[in-house]
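Accompanying notes for the structure given below.
The values are calculated or read from the model by the stated rules, or taken from the named source; none is laboratory data. Values in this document were obtained by computation on a predicted structure and should not be read as measured data. Positions of Cβ are generated from backbone atoms using ideal geometry, with glycine treated the same way; all protein chains shown enter the neighbour counts.
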């Protein structure tokens, strides 16, 4: 390998003074995001719910598992039970606050794990293309072909009930979806002129992936993944509803919906509350994810 | 600036167009032009000059909610800016029509070419579907599409670039407009196809007696089709005249720069006389000569006020205070 | 600090006589489904002399962009040889990585050519870092190059591509191409997407850089005026083949191939009293799937005869120009069977 001639540069490390700093990509994203009022509102809601879950011990007025057979199915506004009592006399407000913990966890954890595995699979398939891509992506397609609800139920049923198994089955549901997006975005980036230019400079695949592909690909995949959080929450709630997820008496919104099912004629407002919580949280995540996507969309 | 006694086909007086939004853009800043019936006016300019916006104003194709249009736009004696939705619908296609750079903008991919042309005809005239289709065939023959009967039933994606362009022209002519607007229709075409389309447009214009306003950034193209030229910069017309006058004796420094940039008379091996710098951002309406920062002849007076459009003769104007002394030698 | 970019004499291994680039019978086909093949580049022969600018012209489907990519080895050729300064590219004599230091390319789309997540200086510095130059030194070099192409580093180095105009981005791309100190720069429609006034600025810049760094250019463009202005020799391509190649002024004044004639006369006239009256060619440029037999231009050629449909004309030197001009047309090949061909020199 001949010495690099024609590139006459000083070999000593030169302290590079900072020049006029451009605001940078992320501060641009933040600026655009701040302007989107809906996204900011959604972000605040999500933040409040997360804080509520973290500080549940301080916020909840009562013990969420303490039941009282005398005070079953009390309506909203009953003294001592601000949001009513459920079918076992437990304080709804406390159960909703504590329920946020599990519901959020079941929403975020499977998506996060799926993001890691799905990205690796998808980016590799997208970058290397050819037979490797075909083999990987068609395998992914097999799983993708199942409707997510059915697949989640089937997997949960096979693995058994419980939080850990629910998370596992949801992760398996989401990995193919993320892998598909990852592969698609990576394929686009791979054929971009700047990647060709990098190859023309003599860079190897590893360097190209690290410098050029990851930075442009992880963003869109991440945004897509955040849009799955609400889906994950709803699926997890569905699994709990069917008895395949959380076990009673642990407060979790989906489970609460299940156990309050029969109370819908007696105390409809109370029975609907966990559903409202799921609705608000998942919509906020959705709007947040939309706002992130718009903010990251740099117009040239 | 017309000296003819007949009513001009197009009369734009002091038209301004401003886009509101995250940033305000003053795209057109006081454009006045006229077009006689049956004549071709070429508008020459680069990106950001406002030439496409000017064209779209004639058809009210700009987004209504965030556009402020000022001035007067008269086409065939009608006040375009005052039309309501029904009048506008009758006006578009039948009085004024437009062809674009990208035929995909005008041709719907899910309908055949024949269907689209026939639809345009029946929207303006009460004739049967069969008669409309026959007229569509005539139009395809008019634009010299090979095998026109087959093309009637073809979808846009089944045709090559040049044929799509011809189909778009046929579509634009379907309702026999008096004014044809052309927004860089040949920019994306190969050289041998471009000249075919230019010749076709010239011939159609002659045969049908249409007025044409042709927007382009390529001087050669403008020379081939236009009778008169208007050069636009930063939303204003900086020079007008016949093609001969502008080519042989350009007065405005920007026109001279454009001609040099088109390698008009360039000597190989010598440096091109490139215009330095870049066009201004159009966030504010201009209060002085927009070209002065890039102009090699700029004087202090150029920065004080907007140069007025000086008349140098019959339909010959220049927006440059240096031209006050009459026609300067080239 | 002086920026030593260009070739030291030690790098000129082939000497003045060896062309910097030689393409021999380059062929690249792209298979489509169902047996059809896009014959994008078919047996292309040409060379580029040191220090010259070779213009390449042709319309859609002619294969000029594919040829550029094969020359850069972004796509490997199916058949044919590529020699750089006398050494075969991709062999032990000249590894691909070494070749890539010496041959660089500027693309048409100035925005797509730059990683939107990297600052300008990082983009320009990337190439040298791949070849072992330490990051700080590469950044320093990048800033000097930015200054050379007319972008003040203090204002531009830390910016992102979307903050620059098209002309500025193209200057960055040129700086990026020069960062490795190449000897050959391929410009694939590099100025086509720019406004005319910006294009003129960039053309001036290219001429200056060529002068200063002793560069050799391959300039691909559809704009015949620009090609005439910047090139020393011109190569005309049609449907994957070279149809004519020669010194620019000779070729423009006296085109020999019927397609070259058509292409040149298709240029809009700049004289309002002398407008074009007739289109030189009818129809659109064909696509290179299943090109015609024999001479690929014969279906559209006004002088086509039987031999043209049967025999492919070789690219041969015309008799008068001492080998400087080569044309692939039976009308120029002695004894080809075309009624207009010159007679064979009969042996005494």
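Computed quantities for the displayed model
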quantity	calculated
Residues located in region B:187-221, provided they are assigned to a loop (DSSP other than H, G, I, E, B) and touching a residue at least 40 places away in the same chain (Cβ under 8 Å)	B:187, B:188, B:209, B:210, B:217, B:218
When residues of region C:144-156 are limited to those that are more than 28 Å from the chain's Cα centre (by Cα) and in contact (Cβ under 8 Å) with a residue 12 or more places away in the chain, the one nearest to the other protein chains (Cβ to nearest Cβ)	C:153
Residues satisfying the stated conditions in region C:250-277, i.e. within 8 Å of chain B (Cβ to nearest Cβ) and within 18 Å of the chain's Cα centre (by Cα)	C:263
Qualifying residues in region C:283-298 (those that are surrounded by fewer than 16 Cβ atoms within 10 Å (Cβ to Cβ) and closer than 21 Å to residue B:189 by Cα) - the one nearest to the chain's Cα centre (by Cα)	C:287
Selected residue [more than 19 Å from residue C:284 (Cα to Cα) and touching a helix residue (DSSP H, G or I) at 6+ places or on another chain (Cβ under 9 Å)] from B:152, B:179, B:140, B:199	B:179
Check on residue B:81, at negative phi and crowded, with 17+ Cβ neighbours inside 10 Å	no
Where residue B:163 falls short, out of the listed (1) at pLDDT below 95; (2) touching a helix residue (DSSP H, G or I) at 6+ places or on another chain (Cβ under 8 Å); (3) under 20 Å from residue B:12 (Cα atoms)	(3)
Test: residue B:264 is over 30 Å from residue B:164 (Cβ atoms), within 8 Å of chain C (Cβ to nearest Cβ) and either out of contact with any helix residue (DSSP H, G or I) (no Cβ under 6 Å at 6 or more places or on another chain) or at pLDDT 95 or above (or both)	yes
Hits in region B:62-77 - residues which are surrounded by 14 or more Cβ atoms within 10 Å (Cβ to Cβ) and farther than 15 Å from residue B:33 by Cα	B:62, B:67, B:69
Flag for residue B:250 being within 14 Å of another protein chain (Cβ to nearest Cβ) and either at pLDDT below 90 or in a helix (DSSP H, G or I) (or both)	no
Among the residues listed as A:103, A:169, the single one being assigned to a helix (DSSP H, G or I), out of contact with any strand residue (DSSP E or B) (no Cβ under 8 Å at 6 or more places or on another chain) and modelled with pLDDT under 90	A:103
In region C:211-230, the residues that are in contact with a helix residue (DSSP H, G or I) (Cβ under 9 Å, 6 or more places away or on another chain) and more than 9 Å from every other protein chain (Cβ to nearest Cβ)	C:212, C:213, C:215, C:216, C:217, C:218, C:219, C:220, C:221, C:227
Lone qualifier among A:50, A:40, A:45, A:29 - being within 22 Å of the chain's Cα centre (by Cα), surrounded by 14 or more Cβ atoms within 10 Å (Cβ to Cβ) and at pLDDT below 85	A:29
Condition broken by residue C:280, with the remaining ones in (1) modelled with pLDDT of 90 or more; (2) surrounded by fewer than 19 Cβ atoms within 10 Å (Cβ to Cβ); (3) within 13 Å of another protein chain (Cβ to nearest Cβ) satisfied	(2)
Residues of region B:293-315 satisfying the condition of being buried (at least 17 other Cβ atoms within 10 Å of the Cβ), assigned to a loop (DSSP other than H, G, I, E, B) and in contact with a helix residue (DSSP H, G or I) (Cβ under 8 Å, 6 or more places away or on another chain)	B:295, B:307
Members of region C:157-206 found to be farther than 16 Å from residue A:193 by Cβ, at the interface with another protein chain (Cβ under 9 Å from one of its Cβ atoms) and touching a strand residue (DSSP E or B) at 6+ places or on another chain (Cβ under 9 Å), listed by number	C:179, C:180, C:181, C:182, C:183
Filter result for residue B:290 (assigned to a loop (DSSP other than H, G, I, E, B), more than 20 Å from the chain's Cα centre (by Cα) and in contact (Cβ under 8 Å) with a residue 40 or more places away in the chain)	yes
Number of positions in region C:117-141 that are facing chain A (nearest Cβ under 7 Å), surrounded by fewer than 19 Cβ atoms within 10 Å (Cβ to Cβ) and at pLDDT 90 or above	2
Selection count, region A:215-239, where residues are facing chain C (nearest Cβ under 9 Å) and within 30 Å of residue A:152 (Cβ to Cβ)	1
Flag for residue A:16 being modelled with pLDDT under 85, at the interface with chain C (Cβ under 10 Å from one of its Cβ atoms) and surrounded by 12 or more Cβ atoms within 10 Å (Cβ to Cβ)	yes
Residue check, residue B:202 within 18 Å of residue B:51 (Cα to Cα) and under 19 Å from the mean Cα position of the chain (by Cα)	no
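Residue by residue, here is whether (1) within 19 Å of the chain's Cα centre (by Cα); (2) without any contact (Cβ under 8 Å) to a residue 40 or more places away in the chain; (3) over 18 Å from residue B:239 (Cβ atoms) holds:
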| residue | (1), (2), (3) |
| --- | --- |
| B:18 | yes, no, yes |
| B:42 | yes, no, no |
| B:47 | yes, no, yes |
| B:64 | no, yes, yes |
| B:73 | yes, no, yes |
| B:77 | no, no, yes |
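Let's see how each residue does on (1) under 28 Å from residue B:160 (Cβ atoms); (2) part of a loop (DSSP other than H, G, I, E, B):
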| position | (1), (2) |
| --- | --- |
| C:268 | yes, yes |
| C:277 | yes, yes |
| C:281 | yes, yes |
| C:286 | yes, yes |
| C:299 | yes, no |
| C:303 | yes, yes |
| C:307 | no, no |
| C:314 | no, yes |
